[in-house]
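S.K.: A single structure is presented below for examination.
The values are calculated or read from the model by the stated rules, or taken from the named source; none is laboratory data. None of these values were measured; they are calculated from a predicted model. Note that we place each Cβ from the backbone using ideal geometry, even for glycine, and neighbour counts take in every protein chain shown. Just so you know, the surface numbers come from the protein's heavy atoms only, side chains and all, with ligands and any DNA or RNA stripped out. Shrake-Rupley method; radii C 1.70, N 1.55, O 1.52, S 1.80 Å.
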Amino acid sequence: MTMMTIDANWVSSHLDYPDLVIIDARGTMPYRFRHIKNAKPLGVESVILVAENGANLVIDQSTAEKLFSSFGIDDSKKVVVYGESVDPAAGRIVWTLMYHGHPNVKLLGIGFNQWQKAGFPVTREVIPTQRQEEIQIGDKVGSIRFRSKINPTVRAEADYIKTNQFDPNVVIVDARTPQEHFQARIPGSILDNWEEGIGPDGEMIKNKAELEKDFEEKGITRDKEIICYCHIGIRASQKYLQLKQAGYDRVKVYDGSIVDWAQRRNPIR
């Protein structure tokens, strides 16, 4: 089983490790006020491509390569993304890196507030990133370069869901609130609010045993293929990480989510 979170003690002891890239997903203003040493800010809007129908889709290969290269990420780097437990934005960034084939990306196990409370190092020093427009496809050999290797197994699109939504071996999970679910949902989907997977005391995700119990009680079992959606694919990405943390292998994110589904005039329950 691949753990999706990484222990804060390990991160704290490796802050100056040259092959570690730390990403702050909270936004520019919180970052400027205080952040983890050597972290660089990356807003979730930077990993989203807004489609003509308003859906918030994953960025394409060219955009991903320029963006993540500007952070010094290549296959040799371990990437740790952090945020707050009440905000799923960090999960969308982790999932985006996974979709583009980065082999070593983790979510910090606790939120930044808990990191501060635990007495781990924080700073106001701003770490610069390379300007994306300076990064060209023809970079010389040996320079820092992120190469996108799309992993299609972690993403679902509307046509795939239409084909498989009533397959007994597929479970479609709505990661939104009960109010949103009962107002408008993909027919046949199961409600599992992403917030139910948040751990106690600032932990980003519950432990494996608790997650497994919660999922199985709702009929979300590991023998099925799981497809997660929400409103615009951000909460669904955090639900994806919760399922992976619980040891589920076949999990996808429908990043277009209910916005894309509805705009394509698909049935709404």
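S.K.: Residue by residue through the range 22-42, note down the ones that are closer than 15 Å to Val81 by Cβ and open to solvent by 10 Å² or more (accessible area, probe 1.4 Å).
M.R.: Arg26, Gly27, Pro30, Asn38, Lys40, Pro41
S.K.: Is it the case, given these coordinates, that Thr129 is open to solvent by 30 Å² or more (accessible area, probe 1.4 Å), modelled with pLDDT under 95, more than 14 Å from Leu20 (Cβ to Cβ) and in contact with a Lys or Arg (Cβ under 9 Å, 6 or more places away or on another chain)?
M.R.: So Thr129 passes the test.
S.K.: Would you mind telling me which numbered condition in (1) assigned to a loop (DSSP other than H, G, I, E, B); (2) more than 20 Å from Val126 (Cα to Cα); (3) open to solvent by 30 Å² or more (accessible area, probe 1.4 Å) Lys106 fails?
M.R.: Status for Lys106: all satisfied but (1).
S.K.: Please go through (1) open to solvent by 10 Å² or more (accessible area, probe 1.4 Å); (2) out of contact with any Gly (no Cβ under 9 Å at 6 or more places or on another chain); (3) over 24 Å from Asp255 (Cα atoms) for Asp7 and return the number of the only condition it doesn't satisfy.
M.R.: Only one criterion in (1) open to solvent by 10 Å² or more (accessible area, probe 1.4 Å); (2) out of contact with any Gly (no Cβ under 9 Å at 6 or more places or on another chain); (3) over 24 Å from Asp255 (Cα atoms) is unmet by Asp7, namely (2).
S.K.: Mind telling me which of the residues Ile220, Ile190 ends up being surrounded by fewer than 18 Cβ atoms within 10 Å (Cβ to Cβ) and touching a strand residue (DSSP E or B) at 6+ places or on another chain (Cβ under 6 Å)?
M.R.: Just a single option satisfies the conditions, and that option is Ile190.
S.K.: Of the numbered conditions (1) of a type outside the set (S, T, N, Q); (2) under 19 Å from Thr28 (Cβ atoms); (3) surrounded by fewer than 21 Cβ atoms within 10 Å (Cβ to Cβ), Ile93 fails exactly one; give the number of that condition.
M.R.: (3) is the only condition that Ile93 fails.
S.K.: Right, here's the next one. Checking the structure you have, find out if any residue of the range 43-65 is surrounded by 19 or more Cβ atoms within 10 Å (Cβ to Cβ), closer than 17 Å to Leu107 by Cβ and of a type outside the set (A, V, I, L, M, F, W, C).
M.R.: no
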